[in-house]
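So the structure is just underneath, and the comments pick up after that.
Computed from the coordinates by the stated procedures, all read-outs in this text should not be read as laboratory data. Just so we're clear, the structure is a prediction, and the values are computed from it rather than from any experiment. Cβ: placed from backbone, ideal geometry, glycine included. Neighbour counts: every protein chain shown.
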Amino acid sequence: MRGGLRVSDEDLAVGRCLAAARNEAGLSQVEVARRLGFAQSRIAKLEIGTRRLLFSEAIALAEMYGVSLSAFVPDRLSGTEDGKPVRPLRPKAARPNASRQPIERSPV
């Protein structure tokens, strides 16, 4: 825990990816914050993992840094590591619902 907040390994890893992408783009936290209308502390908290990244923030940051959203996903969470799946995708269990009928649409 940092400052009373529970920080997961994933949050820390995403933060490192954010900082790396920002540095690669040659931008400071202050410049990123100014461009997005955020406080600099918001960027700092994202990068140290004490604030979770919102999808809308990820999109804005990816566009600013000139990277895809996948740049913010740590290798160990992206599905492969050394060519081996890290977290295999499991199909969702089928939900039994025999009463489900197709929706009939009337012609317009």
Mind grabbing the base-10 log of I(q)/I(0) for region 9-77 at q = 0.18, 0.20, 0.21, 0.23 Å⁻¹? Debye formula, identical points on the C-alpha positions, no solvent, two decimal places. -0.57, -0.71, -0.79, -0.97
With labels modelled as points extended 7 Å from the Cα through the Cβ direction, what inter-label distance (nm, one decimal) is found for Phe38 paired with Val73? 2.0 nm
What's the extension gain from Ala60 to Leu12 if we count 0.36 nm per residue and subtract their Cα-Cα distance? 15.3 nm
